[in-house]
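Written out below as structure tokens is the structure these notes cover.
The values are calculated or read from the model by the stated rules, or taken from the named source; none is laboratory data. Here the structure is a predicted model, which is why all the values come from computation and not from measurement. In this analysis, Cβ positions are derived from the backbone assuming ideal geometry, glycine residues included, and neighbour counts consider all displayed protein chains. Accessible surface is based on the protein model in full, side chains and every heavy atom, while ligands, DNA and RNA are left aside. Shrake-Rupley method; radii C 1.70, N 1.55, O 1.52, S 1.80 Å.
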Amino acid sequence: MKTTKNYVQRMARKKVMVDASIAAATKQRGLLLVLTGNGKGKSSSAFGMAARALGHKLHVVVIQFVKNNATTGEEEFFRNQANIQWHICGAGFTWETANLAKDMEAAHKGWSLACEVLKDSAINMVILDEITYPLRDKLISLDACLEALVARPTMQHVIITGRGAPQALIEVADTVTEVQDSKHAFRAGIAAQIGIEY
Ligand code: ATP
Ligand code: MG
């Protein structure tokens with residue numbers, strides 16, 4: 001049976017440790033976050049951070065590398081907000097298009113936009129949604145991507161999403177989250193649900 005006294009003592013010890021960790025984290029700089037893995041929650045986590053940033057009046061740019069339509073709820077919502085630019089630069093799933101020239105054109109369009117934004121210190125947060133796929137398919141050069149990320153403005157945050165993030169990207173990132181697929185409704189035959197999946 002837990003006593004109130006024990007609980008208070010345990011929390012006091014925990015507070016000393018948490019306060020010491022907070023006091024030790026004094027650096028300020030833009031972060032590179034990678035959200036990868038097979039589970040659901042990568043893009044929606046990135047867009048959650050976009051909402052946070054906009055709430056603080058920061059400037060956000062989203063570049064979507066795979067999606068090729070404008071029907072997601074997040075896009076509808078964010079387009080009506082101030083301080084955000086939303087670019088859809090995908091040709092759709094590569095197994096749907098099966099058209100290398102079209103996929104390359106879309107990837108290059110997205111990447112050239114990203115290059116501009118990654119030089120612009122007025123942009124506080126850049127979301128490169130699903131960029132791992134054109135990187136994997138070598139439609140965008142990984143070396144060029146790493147170079148642009150490393151050279152970006154010091155205070156700029158970049159969030160990268162997509163399965164199978166390359167190891168070199170994981171190495172240069174500050175925060176890496178691998179979302180695990182423990183269970184997904186789709187495998188029980190449930191279609192993509194509005195508000196949950198799109
Ligand atoms: P979300 O945008 O919902 O955060 P995500 O970015 O983590 O998802 P993606 O790989 O981009 O995942 O997939 C986008 C779509 O595929 C979403 O509709 C999502 O629910 C669905 N999805 C994600 N993971 C799985 C899975 N393991 N099995 C089936 N569908 C999935
Ligand atoms: Mg996604």
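Rolling a 1.4 Å probe over the protein heavy atoms gives the chain an accessible area of 62 Å² per residue. Computed extension gain for Glu105 through Gln81, at 0.36 nm per residue and net of the alpha carbon distance, reaches 5.8 nm. Apolar share of the accessible surface for the chain: 57 percent from carbon plus sulfur atoms, 1.4 Å probe.
So which lysines pass the test for Lys183, namely a Cα distance under 29 Å, with those fewer than 8 places away in the same chain ruled out? Candidates past the 8-residue exclusion: Lys40, Lys42, Lys67. With N as its number of residues, region 33-125 has a Cα radius of gyration that, divided by 2.2 N^0.38 Å, comes to 1.13.
Between Ile22, Ile170, Ile140, the residue with the greatest mean-square fluctuation in the GNM of the chain (Cα pairs under 10 Å linked by springs) is Ile22.
Taking the chain as a Gaussian network of alpha-carbon nodes connected by springs under 10 Å, the highest mean-square fluctuation of the residues Met11, Met49, Met104 belongs to Met11.
Size descriptors for region 58-174 (Cα atoms only): Rg and Dmax, in that order, 13.8, 39 Å.
In loop segments of region 119-187 as defined by DSSP, the trypsin sites (Lys or Arg not before Pro) with at most 11 further C-beta atoms inside 10 Å of their C-beta are Lys138, Lys183.
How many angstrom lie between the C-alpha centres of region 67-114 and region 2-45? Their Cα centres are 34 Å away from one another.
Below 8 Å between Cα atoms, with a sequence gap of 6+, how large is the relative contact order for the chain in percent?
About 33 percent, as a whole number.
Sorted largest first, the principal axis extents computed over the alpha-carbon atoms of the chain equal 68, 45, 36 Å. Build a GNM of the chain with springs between Cα atoms under 10 Å apart, and of Arg29, Arg79, Arg13 the one that fluctuates most is Arg13.
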